[in-house]
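What follows is a set of notes on a single structure, which appears directly below.
The values are calculated or read from the model by the stated rules, or taken from the named source; none is laboratory data. Quantities reported herein were computed from a predicted structural model and do not represent experimental measurements. Glycine gets a Cβ as well: all are built from the backbone with ideal geometry, and neighbour counts include every protein chain shown. In case anyone asks, the SASA skips ligands and DNA or RNA and just uses the protein heavy atoms, side chains included. Shrake-Rupley method; radii C 1.70, N 1.55, O 1.52, S 1.80 Å.
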Amino acid sequence: MAGVVQRSSRSGMTIVGIAIGVASFVAVLGVTASANGQISDEFLKVEATQITVSPRSAGSGTDPLFVSDADNRVTQIDGVTATGRWWNVPNVTVSVNPPSIEPGSSQPSLLAATPGYFELVGAEISSGRAFDGFHTDQPVAIIGDKLARDLGIQDVTDQPIIVLNNLRVTVIGVVSGTTGSSAALTSVIIPAEFARHNFAPPGQRETMVVVTEVGASAVVADQLALALDPANLTAYEIVPPPKPTVVKDRVNGSTQALFFALAGICVLVSGVGIANVSLLGVIARTREIALRRSLGALPRHIALQFLGESAVRGLLGGLVGTALAMASVTVIALSQQWTAVIEPWSLVAGPLMGVVIGAAAGLYPAIRATKIEPVEAFRR
């Protein structure tokens, strides 16, 4: 301990190096655990509550593959919070005045949707309103705010008209933002029945998404086939969400592997730097080592001295690094509005890692010190 205190500058550099390495490793553990906890919560809130339903067959002619009241049937199931259907309508030119927005320009997407679509994607209507059951087969449309700017539509109070091929449609609302799919921001959205009567039938392009309460998705998925078509329970492909535990484990494994690799690099760089400082210390203390050897100290005594000093520096650096890591994890979690997660064992692992790093970094310098011959040292 005396050797550590007497050479405060070199000891301070070593302790700082170990503290940085340990702080990086322990902080990565804490940030990874906190981030994984947040990711798991998001999966539970979103991914684990969405069920996708699509027809297994393309059908024939213009017959709809979903019954007209499919959304109402599904919403009657306990645990369902929202449902809606939509599909992309191909080969339609959108313009304010025929035949196009600008010759040769790319055309926006045309979506046919049921009223529940807007709740599914969390659409925010900045002007006008979304269509509802009253507009089922009416020539109305909702457009995204980006598309509205491209078309020169500032306000829907005057009921602006857009043209879909040769059909005139009234714009009754503008979507300014969504919490789900962003397709609504750049598309024209028309009522499903209006699209079915005036454009190509959707066939298998029509998709239903059902949002459930947390934990209810498996039960709801089992009841959907019966609710949609009691006479043909295999008419639809029902895809329940992946189990949250499976998704969480995959994401956690990926993030942990990445962060551990980064932490390992930090520790390695720290160890190499500490080894260099320790080696310089051996060179600077050559005469001291020679004097101890001439007074009867054996090589193992010299080795134990240097390893002991390195271990003490490592312990001090580990304690400082662990404290810094705890503070860093707390600050990062608070800034991101996460719940800080700190594994109790990391409070012990940090100082122990410091001792291991210090001892490992001091091993080669200790071996070098044992090979110093007193006669040769005093001749220099």
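Observations
- Accessible surface of the range 138-195, 1.4 Å probe, proportion on carbon and sulfur as whole %: 43
- Across all directions, the average flat footprint of the convex hull enclosing the Cα atoms of the range 114-157 is 3.4 nm².
- Taking N as its residue count, the alpha carbon Rg of the range 75-194 over 2.2 N^0.38 Å: 1.03
- Per residue accessible area of the range 137-230, 1.4 Å probe, in Å²: 44
- Paramagnetic reach from residue 75 in the range 107-127 [backbone N under 19 Å; point 7 Å along Cα→Cβ]: 112-125
- Peptide packing: for 83-89, 161-167, 334-340, the average count of neighbouring Cβ atoms within 10 Å per residue gives the ranking 83-89, 161-167, 334-340, highest mean first.
- Once the Cβ-Cβ distance of residue 136 and residue 218 is raised to the sixth power relative to R0 = 30 Å, the FRET efficiency obtained is 0.40.
- The simple Förster model, with R0 at 45 Å and r as the Cβ-Cβ distance, assigns residue 373 and residue 347 a FRET efficiency of 0.50.
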